[in-house]
1. Considering segment B:325-341 alone, what residues qualify as being open to solvent by 10 Å² or more (accessible area, probe 1.4 Å) and within 11 Å of chain A (Cβ to nearest Cβ)?
2. Among the candidates A:223, A:254, single out the residue that is at pLDDT 95 or above, in contact with a strand residue (DSSP E or B) (Cβ under 6 Å, 6 or more places away or on another chain), open to solvent by 40 Å² or more (accessible area, probe 1.4 Å) and on the phi < 0 side of the Ramachandran plot.
3. Testing residue A:405 on (1) in a helix (DSSP H, G or I); (2) farther than 24 Å from residue B:198 by Cα, one condition comes back false. Which one is that?
4. With the requirement that a residue be modelled with pLDDT under 90, within 11 Å of residue B:294 (Cα to Cα) and of a type outside the set (Val, Ile, Thr), what does segment B:428-455 give you?
5. When you scan segment B:431-442, how many residues do you find that are under 20 Å from the mean Cα position of the chain (by Cα) and either over 19 Å from residue A:191 (Cα atoms) or buried (at least 23 other Cβ atoms within 10 Å of the Cβ) (or both)?
6. From A:293, A:314, A:275, which residue is free of Cβ contacts under 8 Å to residues at least 60 places away in the same chain and assigned to a helix (DSSP H, G or I)?
7. So which strands (runs of 3 or more DSSP E) stay within segment B:285-397 end to end and still have 1 or more residues that are over 30 Å from residue B:112 (Cβ atoms) and out of contact with any Asp or Glu (no Cβ under 6 Å at 6 or more places or on another chain)?
8. Go through segment A:500-543 residue by residue and tally those that are open to solvent by less than 30 Å² (accessible area, probe 1.4 Å), free of Cβ contacts under 8 Å to residues at least 40 places away in the same chain and outside any helix (DSSP H, G or I).
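The values are calculated or read from the model by the stated rules, or taken from the named source; none is laboratory data. Predicted model, so just to flag it, every value in this text is computed and none were measured. Cβ atoms come from the backbone with ideal geometry, glycine included; neighbour counts cover every protein chain shown. Calculation scope for accessible area: heavy atoms of the full protein, side chains included, ligands and nucleic acids excluded. Shrake-Rupley method; radii C 1.70, N 1.55, O 1.52, S 1.80 Å.
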Amino acid sequence: MNDSITTEIIRHGLLASAEEMARNLCRTAYNTVVYEIHDYGIGIHDARGDVVADAPGIAIFTRGNDHGIKQAVKYLGADTMRPGDVFVLNYPYWSSAHTLDPLVFAPIHVEGTLIGFASCRIHVLDLKQKDPGYVLDSTDMYSEGLFFPATRLYREGVQNDDIFDIIRFNSRLPERTIGDLQAQVSACVTGVRRTQEIAGKYGVDTLVTAMDAINDHGERLARLALEKLPKGTWSAEDFVDSDGVDLDRMIKLRATVTVTDEELVIDWTGSERGVRGPINLPLGQTEALCSLVFKALTTPGTSVVAGNFRPLRVVTEPGSVMHAVPPMPTFTLWTGLLAGEVVLKALAQGMPERVPACSGGDVCSMMGLGVNPRTGESWLEATNEAVGFGGHAGGDGADGIMHLSEPGCRNNPVEVLETKSPMFIESYGYRPDTGGAGRHRGGVGVSRVYRFTAPSTGICLVYKTKTKPWAIGGGRPGEHNRIVLNPGTEREVVQGGSYNRLDAGEVLVNDTGGGGGYGDPFEREPARVARDVRDGFVSVAAAAREYGVVVDPVTFAVDHEETERLRGAA
Amino acid sequence: MTKTSRLAIDVGGTFTDVVELQPATGELRFDKVATTPGSPTTGVLDAFGVAGAEVGDIAMFTHGTTLGLNALLTRTGARTAVIGTRGFRDVYLLGRTDRRTNYDITYRPPQPLLARYDTFEVTERSLFDGSVHTPLDEADARRVAAVLAERGYQSVAVAFLHAYANPAHELRMREVLAEVAPDVAVTLSHELSREYREYERTSTAVLDAYVKPIVRRYLADLEGELAGRGFGGRFLMTRSGGGAMTVGTAREQPVSLILSGPAGGVIGAAAFAELIGEPNLITIDMGGTSLDASLVLDGEPVLYQGAEFEGLPINTPSLYIHTIGAGGGSIAHLDEAGALQVGPSSAGAEPGPASYGRGGTAPTFTDAALAIGYLGTDVPLGGKLVLDRTLAEKALSPVAGRLGLTVPALARGIVRISSTKIMGAVRAITVEVGRDPKDFALLSFGGGGGLVAVDVAAELGIPAVVVPPGQGAFSAFGMLMADVQHDFARTLVAPLAELDPAEVEGAYAAMAREAAQTLDAEGFAPSMTRSLDVRYAGQEHSVTVPFADLSTVEETFARLHERQYGHTMTDPVEVTTLRLRATGAVDKPRLPLLPARESGAPEPGGTRPVYLSEAEPAVPYSLYTREDLFAGDEFDGPAVIAEHTATTVIHAGDHLRVGPHGELVITVGKR
């Protein structure tokens, strides 16, 4: 049989195996964020650790598992890995994520030879990090939880009870944390078994050859797309609100992107150094976010394989916020969510027709926890919140969609949150007038208002509240994200990312940002502005002020004469 | 004279299938008429016209229609509004705020069914435990109803927060609407779904409201026409949750029609499972553009809660059907970097595969099957269409040239890639229910399934493949087997250990009363089955456990959890939902028996040379005509069995036996 056909058959087999791993995981995991918001990264890798098949999960984990497996192999040596071993790795500088995103992986052996790995990363709930839920203000790695530097959860198929006991006696939520780790193990074991079956059917050599061919093909696809991109070098900056420790100092992210015929280089030189708080990124995470952007630019329609990223080169300065070295704190990770759009901001200068204006720019996560007076038990519920997308050459930005770093995420339903926690949601909906005006409008953000009915902690993870989402080509910026405590009272506070201890009756508002606009808003067809007014996305006042369109507040008809006058005066 | 005839009419995209059964003789008749999308009742009445029986003699008419689905696909449903709780008008449009494409930085969601202008809110609020936080503001409710009437909406979905726990406000809202906006059709979310998750429930209600006026008009027209022709039998519709419903239920809950298209085949499969003594079946139904895979487990179709239309959730129990883009018309092509891909794009019915000679030039799965000899030019498809091998080879040769392959080698690759994709789909649905494909037989129907069914089975270790008689119209046949069903559910989240048996019994009894009333009004004696959803505390996904009494729930749950997930836990167990299914049994037709051969053995009418590899380019496969086979006939592969609308292929080592009803039972040999 011709190699290209065999490769395609094996590729489908590996993809089906990865999908089976994901189904297995989603149905066994304990943790809401795994099954409700698909917060996982799953892959089948070749013997080098390069991914050959993945199950679409959270985009910001793209290829992060490759980095972790490679570091583990470097540390332990491939020859120490035995059939039936399953490892956990959460040492951030190796695993490419923080301590609560442990990478579980298992070597795949056939006839005694290591031919690849199966991997599964999810967010687990507690590994003795300094604060319950999340850590926003650590100043070194030692307060960020237990580290597993590629540690055997299973040794040759036998559970390593010592490790599970250590977790059981250290975690604040031992059952759910161990249950989730076991779900990861079960997913990996499935991946190993299915890959071995494929090897059994087609032969080890054919499988290994096919894995190479899959990555070579992925590389060709990426290079063909790279050829079509404009060539040049562009730089851009944006800022993270703070490092979580020194709250008044904004942290600079600087990306310089160079596109040549051979490669796309993302160089983070010039980004902040010596950041004290936990927003530093492990190198693997920086590579992952660059991979996400590169994939979106080149091969968005095909599944992820490591070969896609051969034309991508990432440059970092060790010790900078984009490349943490021990013992720099790394827990918050949010820099990674913001940084991808800085790359797009640089590209917008050279290829404005290919990239959108900035979205709301953040994942806007709210995590509540405490003791539920109805049950007497501790509770923890989290939800990410949608933002407006940026306008682009092809049209308006979408209203209220999960940030591009976490597309598979879903919001947590009001009815679920209220059933499981002492939170009462007062309202949840779009935030009108937050989308940046433009010929193509930025999407609007959303607002969710929580009233706590028992003393609770409300952890807000949002780090882009001080800068507005940028526009392209004469559009206007979108409205920025914000957290408001007790609005309309004497205790009102407007802030960003924060760890809030709240009494019963206190209110927390998570307002998310709108996307930036694309093109001159005065060029937008008045009928489309009127429709936005009718639908309540744009107010009558903003229609006149931003778009120069006068809309009747009752009939939503355009006053063309007044509109021409306003637009003519500009 | 007594009415005895039974008729099933299954309206598809291009053709409408008719199956008629005369219980007196056991005779089954299959026929086809053209579907008439512009005037849907015309095609159905035409179908009545080709039936042997007079309309007045028909005792039972079972009907499947894609009317609701088409209204959605073309966005031509009713002008629909949605009313939510004050502060939550955007629940519907926001949805779960996800997108299914991971790397699309300029993503736009599919065109919504309504605009934000069409979303309303009313002051009211219930809580998760059913208590009322804010009473329904009657004046506000009337104000909104008046706006609806004034703007001329045809339909409205009412979906208040926690209405699954306390429906009082939705019920009151309906009264207000009836008074103030009597021309607007109303759907209440809790009447379709009694489970938490506001978006999923709201979406279900909006889909229902969106198709309701169209469905009602169609059913009224059809009933009127049939009454005028003297129809006095029972009129049933197939439903997406399996089984059938009365026309009255279809009018009230047309959402159950939307995904009912493939339902007939699965219901037929369940009936067939009993007939052939194979309680566990995987079904594959391969059509022109896609393949539907589904399961029958212990003689029952498998249901799930996760059905969707274009990403819009339908939160009622639906048959578990996994659809992939692998059909007879799936196009083979090379991607930019030169790798061979099959599907998901399809040549469809028009122009269809190149070998149909209707102007198609893209190489398809069907062309590949012809090029390797699975299909022939000697037997016309559907009695009419003769395939053209030259056109197939002409379409395949440019791709073959670019890959440096012979045409048959490429064609063989296309068939194998398709089989691999089908295998993935079959594996996925069995994994989802924690089963191994080896424990099933594979039931293949539809046009192309028989070409690859044996390969798929062999790969997955499935020991037997069954091809039913009349496989082209199997879905319509299945409709004749459909019992009337109603599903009820109540969210009840509580630790199993703390459940009050009296409360549980009370909840079941209330559902049973409602079910009995409904079925009684429809003229059926009900039979009820109780089940409940159980999970480990803290876990989200639950396992549906048959319910006898509370004492055995934990043990049964542990057994099912072990089977589905491979482990059990020591955590406390909690119940989330009580379910009750009420069934009104219809008399099942008896499938006629195929006569046995009086003497001799089946003789092949010739051979087809089949390409297996460059080393075996023309292996002779015995060619049988299915219509010439008798019950009890047996032969070994390799063989091709051609019939009126489909073809089945078996290989060396496989063994075929014709069952008593004419079904082909293939024992899959070791490869």
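1. Scanning segment B:325-341 gives B:334, B:335, B:336, B:337, B:338, B:339, B:341.
2. Working: A:223 fails: in contact with a strand residue (DSSP E or B) (Cβ under 6 Å, 6 or more places away or on another chain).
One residue alone meets the criteria, A:254.
3. Exception for residue A:405: condition (1).
4. Matches in segment B:428-455: B:428 only.
5. Going through segment B:431-442 one residue at a time, the tally reaches 3.
6. Values: A:314 fails: assigned to a helix (DSSP H, G or I); A:275 fails: assigned to a helix (DSSP H, G or I).
None of the other options fit; the residue is A:293.
7. On the way: elements: B:291-297, B:307-309, B:312-314, B:321-324, B:330-334, B:340-346.
Filter on segment B:285-397 gives B:291-297, B:330-334, B:340-346.
8. Summing the residues that are open to solvent by less than 30 Å² (accessible area, probe 1.4 Å), free of Cβ contacts under 8 Å to residues at least 40 places away in the same chain and outside any helix (DSSP H, G or I) in segment A:500-543 gives 1.
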